[in-house]
């Protein structure tokens with residue numbers, strides 16, 4: 001993520017709502033992909049910013065309505081009568097906006113495509129009894145169906161999420177990671193399925209038509225040993241070709257966004273076409289920095305040659321270039 005500048009010259013960041021120097025209200029404009037001063041630019045502030053302080057995007061000038069481009073695609077929110085749920089919602093919306101920034105920058109389609117029967121991308125943030133004993137749902141599964149990404153609001157709770165991460169033997173687990181992973185399922189349907197990329201997908205990831213529920217049931221009942229040398233970026237990637245794809249898609253988005261941050265800060269200065277090499281260098285630096293602070297590795301993953309081939313394929317698909 002790059003930094004931006006207020007009209008007064010002060011650096012402002014993607015999540016800022018006000019300039020810390022001049023105090024003016026600022027917000028992100030998805031049309032220009034820039035932070036704007038709302039008073040000077042004439043943009044309207046999103047209703048969810050004014051009422052709940054959970055958003056910092058502005059409404060595009062050619063659009064009407066009370067919600068910004070990001071908030072409009074949230075179909076269901078948790079019960080907002082409690083302060084805790086508003087806090088959880090704020091965390092989840094922040095993660096979603098970072099995902100959308102990457103998707104918009106890559107010019108990936110998120111609006112409905114009726115001709116090809118592709119639904120628009122949407123989100124539902126749902127509670128279950130782990131955070132609210134009064135709701136009917138005993139368990140809400142984070143996932144993707146027909147264009148809608150569902151995320152359990154408990155994923156915004158640091159303690160519950162860490163317990164789940166440990167139980168699932170995951171190297172990391174974050175709200176942003178969920179958003180990026182589940183978007184991979186959306187873009188498999190949108191960009192890969194029945195497309196010219198299909199045969200390359202099968203060659204790299206396997207047959208997406210394998211029984212999904214049976215594969216996941218087998219994965220959870222007989223957890224495999226993680227085998228980076230076999231070309232899997234994570235343990236969960238072993239479970240099914242679609243999960244292997246979604247895991248790699250999420251990592252691709254992690255990588256390009258973090259590299260943009262590093263380039264913006266002049267930590268690396270090489271060209272974008274050498275992004276894999278840049279990432280291999282940067283991830284070592286990130287891990288060493290975390291170790292110096294007594295923290296776990298920032299990127300505890302191994303990019304084998306097979307994984308790199310998969311990531312380069314995703315780079316091609318994300319750029320929507322013809323198969324090589």
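Any read-out appearing in this document is the output of simple, stated calculations on the displayed coordinates, not a laboratory observation. Since the structure is predicted, the reported quantities are computational estimates derived from the model, not experimental observations. With ideal geometry, Cβ positions are generated from the backbone for all residues, glycine too; neighbour counts draw on all protein chains shown.
Segment residue 289..residue 162, full-extension length gain: 43.5 nm, with 0.36 nm per residue of separation and the alpha-carbon distance subtracted. Taking 0.36 nm per residue of sequence separation and removing the Cα-Cα distance, the residue 13/residue 107 pair yields an extension gain of 31.7 nm. The ranking of 149, 308, 110 from fewest to most other beta carbons within 10 Å of each one's beta carbon is 308, 110, 149. The mean sequence distance of close C-alpha pairs (under 8 Å, at least 6 residues apart), as a share of the length of the chain, puts its relative contact order at 11 percent. Report the paramagnetic label zone for residue 83: residues of segment 109-133 whose backbone N is under 20 Å from a point 7 Å from Cα along the Cα-to-Cβ axis. Residues passing the 20 Å test: 131-133. In the chain, the longest principal axis of the Cα atoms and the axis of helix 241-264 are about 40 degrees apart. A Förster radius of 30 Å combined with the Cβ-Cβ distance from residue 269 to residue 308 puts the calculated FRET efficiency at roughly 0.85. Checking the a/c ratio against 1.5 first, then a/b against b/c, what shape does the Cα gyration tensor give for segment 195-324? Cα axes put segment 195-324 in the oblate bin. What is segment 1-156 by shape, rounded, prolate or oblate, if you read a ≥ b ≥ c off the alpha carbon gyration tensor as root eigenvalues and call it rounded for a/c under 1.5, prolate for a/b larger than b/c, and oblate otherwise? Verdict is oblate for segment 1-156. Between residue 116 and residue 212, the C-beta separation translates, for a Förster distance of 30 Å, into a calculated FRET efficiency of about 0.85. Axis angle, to the nearest 10 degrees, between helix 175-187 and the longest C-alpha principal axis of the chain: 70 degrees.
The alpha carbon centroids of segment 295-322 and segment 35-108 are separated by 29 Å.
Decide, for the chain, between rounded, prolate and oblate: order the square roots of the alpha carbon gyration tensor eigenvalues as a ≥ b ≥ c, take rounded if a/c falls under 1.5, and otherwise choose prolate if a/b is larger than b/c, else oblate. Rounded, since a/c falls under 1.5. Exposure proxy shown here: for 297, 205, the number of other Cβ atoms within 10 Å sets the order, fewest to most, as 297, 205. Bridges between two residues of the chain, per DSSP, are antiparallel at a rate of about 60%. Evaluate E = 1/(1 + (r/R0)^6) for residue 75 and residue 174, where r is the Cβ-Cβ distance and R0 equals 22 Å; express this FRET efficiency to the nearest 0.05. So, using R0 = 22 Å, E works out to roughly 0.50. Residue exposure proxy: 220, 186, ordered by other Cβ atoms within 10 angstrom of their Cβ from fewest to most, comes out as 220, 186. Full extension of the segment from residue 21 to residue 199, taken as 0.36 nm per residue of separation minus the current Cα-Cα distance, would add 58.7 nm. The angle between the Cα long axis of helix 275-292 and the longest principal axis of the Cα atoms of the chain comes to about 80 degrees, rounded to the nearest 10.
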